[in-house]
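What follows draws every value from the coordinates through simple rules; no lab data is involved. All figures in this text were calculated on a predicted structure; none of them were measured in a lab. Quick reminder, even Gly has a Cβ in these numbers, built from the backbone with ideal geometry, and neighbours come from all protein chains shown.
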Amino acid sequence: MIRLEGLTKSYEPRGPVALEGIDLAIPQGSIFGLLGQNGAGKTTLLSILTGLIGKDRGQVHVGGHDLDREPRAIKALTGFVPQELAFYPMLTVRENLAFYGGAMGLKPPRLGERIALGLSITALEDHAHRKAGVLSGGLKRRLNLAIGLLNSPRLLCLDEPTVGVDPASRRFILESVARLREEGMTIVYTSHYMDEVQQVCDRVAIIHRGRILIEGAMNDLLASGGEDKALRVRFESPPSAPLARALEQAFPARVGSEREAVIPCDDPVETLARLTPLLAANRGDRVASIAYGLDSLEDLFLRLTGRDLGD
Amino acid sequence: MGPFTVLVKKELLVLSRDRLGLAVLFLMPALFILIMSLALQDRFQELNKVTLEVLWVDHDGGAFAKRLEERLAGTPEITLRRDTPAQGAESGEALIARIAREGPAIALVLPGGFEGKLRARLDAVQGVAGSGETGSEKTEDDLATLIYAPTLQASSRAFFLGHLRQAISRLLVRELFSGLAPGAGEGDETLERLLAPGSLRFSERFAFQGTRSGQAMTSVQQSVPAWLVFSMFFVVIPISTAFIVERQQGSLLRLRLMNIHTFQLVAAKVLPYYLVNITQMVLMLLVGVFAVPAIGGDQLVLGGSYGGLWLIGSGTSVAAIGFALLVSTLATTSVQATTAAGAFNLVFGALGGIMVPKVVMPTAMQAWTVVSPMAWAMEGFLDIILRQGAWHEALPEAGALFLFGLACIVLASAVFHRANA
């Protein structure tokens, strides 16, 4: 659905690079999570993808259209839900939908059908005649989403769609996104909430200072921890010197941090069988956990960037 | 409906929902017009009709003083006030202090030798006429003392001084004439009529161009166009605020993703606010015609060209909206936009003859008004309302305003497009 090759962008001629040599392929019908700190380049990437800003170098293909030659075609098949609540508080829910639908060229009766469908997907039928400004935070987010769906997009870009909503509305939005994927829509999803990205996305890319650090299927990335597949042993206190020596002699192990030993391996069961006697021989070194891969996307992000998203 | 029509319809809908904002746009100038028309009424009336209160202090009590008092009291523009005996006995310094403190505008103090000085002057005149002798030194003395309140206008002082000199001259002429023709004594109506200044008539006309009879400028004819122009330019604040909020909340971003050109986004603001401006104009003119006279002010005379009013009103509106859009695209926050817009409006208003009428500005200052689009609008309205010209009389000002507005709109589109490229 989306293919980026060598995508590069800087906002000033000799200024810092916002994106550098981005290569990315996003398959049709997937939910693709884009993670990165503020200023990492997520918004720049989304803005180029949706045709809002130009690029310096590289190729962008969306739905078979080349951005350089067919930018209007790409805009036509793209829906965008910005982080901001991009609608008019003084207008009702229905009036907002009718306005944006009309602005994108929809005419009756198709306009009415799309409005009805948008209201249905976001469960806003009962609020259609209320002014948007008086809706709760969760309902406003739903309206924001409904507007992005008006043009039946094949690609939907969601920028922080669940910011500031209650848990129930958040769950509703995530379920709606999952349903849209089932209907064949491709979704690019950015969020600061790693747990929801982990929950809803099939694939993920971590972008840092304009470069993609890692990209792939969610399960594979979590299993590998972002590097070769490894067994991670965490101790309650730094391992003793005899145990550290024994581990390094038995495996190509690294005692990476004070309390962790990383043992690269393709067969975790076999490695665990060899590891157990060593641990039993050094009972003074108390083991806190043994894991294959990473527990969470947040662990992966921290491992790769050295910071969390709030930094 | 095409996207442009949809954008315009949305603007109208959003505007119609903002009742408080609309009320401010319509009520604020109406209140200004009512207040300023009444506040400036006396100032403008002074240009046409002087009404002066004068304190009469007579220490002479002679026949001449009596006749002068009667003449001044019979002048419609002068209200003569007499002191109580106690007040009449106060010193000159005390009188000055009283005038400075509580008025009236002028005190006329006739000294004890007033009659004698006039008689001496008559004798001198008769001497010159009869034997060629020169006048005595006594004719050079002050006849009376005039004390002015500090707030007295120069025009009022000039009027009263001229009127007093004329009244005394008439007394002297009457006296001389009665000496030459003893039959024509006091109370001779024919003689009085012939010597009355009002019997010297002139053809007077203000330079109006229309067929209707013109009127001198009144406060309402200054205030209505002035505050109308000011309020039309006031749309800069709601336009810039709405535009920046739309930009910040991502609505404009969303619209740009829908293949809508930036020029369309900017231009779609013009028609709704043009309707607001024209409605403002009609309402303010109605206030001038009906509301101001209803509360005791002068009535606005519209002139004969409604087409001219529409033309200059439209030019003013396009200029105001264009300027507002330019401010909107240049400013980055609502606070910045409203501050800049307010400041520009005040400067335009001060330079444009809104706060201070252009006619009372010094000549050098009047030349500076050319930099303010509000001054062009003001001149255009005065062409129609005051000078009662035909529609084409306002064409130069309206044309300049249209060009200014269109240039601002094109520039605003370019700035907006560049900022989002």
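Of note:
- For segment A:263-270, Karplus couplings with θ = phi - 60° (6.51, -1.76, 1.60), whole Hz, Gly/Pro x: 10, x, 6, 9, 10, x, 5, 5
- Separation in nanometres of the label points that stand 7 Å from Cα toward Cβ, at A:Arg69 and B:Leu406: 3.9 nm
- The string of couplings for segment A:149-165 from the Karplus curve (6.51, -1.76, 1.60, θ = phi - 60°) is 9, 4, 8, 6, x, 8, 10, 10, 9, 10, 9, 6, x, 10, 5, x, 10 Hz, one whole number per residue in order, with x for Gly and Pro.
- With the highest mean first, a sort of the peptides A:215-221, B:18-24 on other beta-carbon atoms found within 10 angstrom per residue produces A:215-221, B:18-24.
- The separation of segment B:374-403 from segment A:158-187, counted between C-alpha centres, amounts to 58 Å.
- Amide H within-cut-off set for A:Gly33, under 5 Å, with H built and near neighbours excluded: A:Tyr189, A:Asp202, A:Arg203, A:Val204, A:Ala205
- Placed amide H near A:Gln83: partners under 5 Å, 5+ positions off or other chain: A:Asp159
- Close lysine pairs were tallied over chain A: pairs 8 or more places apart or on different chains with Cα atoms under 24 Å apart number 11.
- At 0.692 mPa s and 37 °C, Stokes diffusion of the protein assembly as shown via Kirkwood alpha-carbon radius, µm² per second: 97 µm²/s
- Peptide A:103-110 has a mean of 4 when you count, residue by residue, the C-beta atoms of other protein chains within 10 Å of its C-beta.
- Whole-number percent relative contact order across segment A:2-222, with pairs defined as alpha carbons under 8 Å at least 6 apart: 29 percent
- Radius ratio Rg over Rh of chain B, counting only Cα atoms, Kirkwood formula for Rh: 1.19
- Taking B:Phe4, A:Phe32 and counting other C-beta atoms within 10 Å, the order from fewest to most: B:Phe4, A:Phe32
- Alpha carbon centroid spacing (whole Å) that separates segment A:194-216 from segment B:254-299: 51 Å
- The alpha carbon convex hull volume per residue for segment A:2-222 rounds to 122 Å³.
- Estimated inter-spin distance, B:Leu12 and B:Leu330, nm [label 7 Å along Cα→Cβ]: 3.2 nm
- In this structure, B:Leu176 and B:Ile35 have a Cβ-Cβ separation that, at R0 = 51 Å, corresponds to a calculated FRET efficiency of about 0.45.
- Label-point gap, in nm, between A:Val269 and A:Ser240 - each point 7 angstrom along Cα→Cβ: 3.2 nm
- A simple rule links phi to the HN-Hα coupling: the Karplus curve 6.51 cos²θ - 1.76 cosθ + 1.60 with θ = phi - 60°, which for segment B:245-253 gives 4, 4, 5, 5, 8, x, 5, 5, 4 Hz, with x for Gly and Pro.
- Under 5 Å between amide hydrogens, built in the peptide plane, is the criterion, and for B:Thr79 it picks out B:Leu52, B:Glu53, B:Val54 among residues at least 5 positions away or on other chains.
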